[in-house]
Amino acid sequence: MPHAIRSDLLSSVYLFGEIGWVEALGVLSLLGALMWLCSHRLTKLLQEKRSLEQQIAERITELQRQAQHLQAENQELRACLEIGHRILSANRFEVCVAILYEHLRKLMDTDAFGIGIYNSEREEITYQDFIDMGVRLPALTVTMSDKDRPAVWCIRHRKDILIGDFEKEYRAYIEQLPKPRAAGQPKSLLFSPILVGERVMGVLTVQSYKPNAYTPQNLEQLKRLNLCAALAVERCGLKQEPSPAVAALLGQSKEA
């Protein structure tokens with residue numbers, strides 16, 4: 001046995017002999033407890049460090065997502081501004097519809113699209129150049145007394161509509177399902193009232209023959225086109241020059 005190890009053992013035996021076995025065990029127990037506390041504290045610190053690192057990583061991911069979302073919104077707003085100026089140059093309502101339709105096709109499923117022009121004096125909604133599966137349908141007029149039209153509910157309540165399964169959800173807005181079009185009954189529908197201040201000018205709608213085709217984000221994308229739709233209605237749907245309210249809003253968008 002090496003001399004150093006033998007000396008340590010003799011020292012330990014001597015220590016136990018001096019302080020007693022009970023006291024020695026107490027010291028060893030205390031040392032063991034201290035070591036456990038140090039180990040426990042170290043483990044806890046490591047767990048807190050990992051948790052903090054995970055929170056930081058999640059926060060960075062969230063900030064990146066928000067930045068991407070803001071960038072996408074900025075691009076859409078720029079696109080809406082461009083659409084507004086194209087509509088100002090249009091001289092027919094069907095051209096305005098085509099401009100909005102082509103833009104929406106890039107964002108969502110657009111089996112059907114239409115702009116309903118609201119006439120408050122006659123209490124009517126008129127769809128001019130409604131597009132269904134790429135085909136322009138004849139003009140259709142809906143009276144505000146027709147309670148089986150989601151567009152009527154949308155204008156009366158001045159609220160948006162997002163439907164994922166029309167046959168299951170229609171009772172929240174209408175009493176009976178309307179008569180299907182030639183292509184069938186749409187499954188998913190978006191409706192948004194065209195508002196300029198307190199004035200209701202009409203309704204925007206996008207529809208799909210697939211269930212659950214739209215998300216709340218798609219509804220927001222549709223709502224961003226309200227100003228452009230209002231401009232189309234005033235420019236070509238009713239009269240040749242936009243009203244001061246619409247022109248002012250367009251000017252604000254241009255400054256932004």
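Taking the Cα centre of region 72-178 as origin, work out the dipole magnitude from +1 charges on Lys and Arg Cβ and -1 charges on Asp and Glu Cβ, in debye rounded to 20.
Details: 14 positive and 19 negative charges, 50 e Å.
Around 240 debye, computed over region 72-178.
For region 67-209, what number results from the quotient of the Cα radius of gyration and 2.2 N^0.38 Å?
It is 1.07.
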Rh by Kirkwood over Cα pairs, then Stokes-Einstein D for region 50-125 at 1.306 mPa s and 10 °C, µm²/s: 99
Percent carbon-and-sulfur accessible area, region 38-127, ignoring ligands, DNA and RNA, probe 1.4 Å: 50
Estimated distance in nm for a label pair at E198 and E167, the labels positioned 7 Å out from Cα along Cα-to-Cβ: 4.4
Accessible area per residue, Å², region 111-159 with all protein chains present, probe 1.4 Å: 53
Highest-first arrangement of 125-136, 221-232, 183-194, 32-43, where packing means the average Cβ count within 10 Å: 221-232, 183-194, 125-136, 32-43
Solvent-accessible area, 1.4 Å probe, carbon plus sulfur percent, for region 138-214: 48
Cα→Cβ-extended label distance, 7 Å offset, between R105 and Q75, nm: 1.9
Diffusion coefficient, µm² s⁻¹, Stokes-Einstein with Kirkwood Rh over alpha-carbon pairs of region 140-236 at 4 °C and 1.567 mPa s: 93
Accessible area of E167 in the full protein assembly, 1.4 Å probe (Å², nearest 10): 100
Label-point separation, S89 to R41 (7 Å along Cα→Cβ), nm: 7.4
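The values are calculated or read from the model by the stated rules, or taken from the named source; none is laboratory data. Treat the numbers as computed from the prediction; the structure is a model and nothing was measured. In this analysis, Cβ positions are derived from the backbone assuming ideal geometry, glycine residues included, and neighbour counts consider all displayed protein chains. Side chains are part of the model used for accessible areas, which takes the heavy atoms of the whole protein and leaves out ligands, DNA and RNA. Shrake-Rupley method; radii C 1.70, N 1.55, O 1.52, S 1.80 Å.
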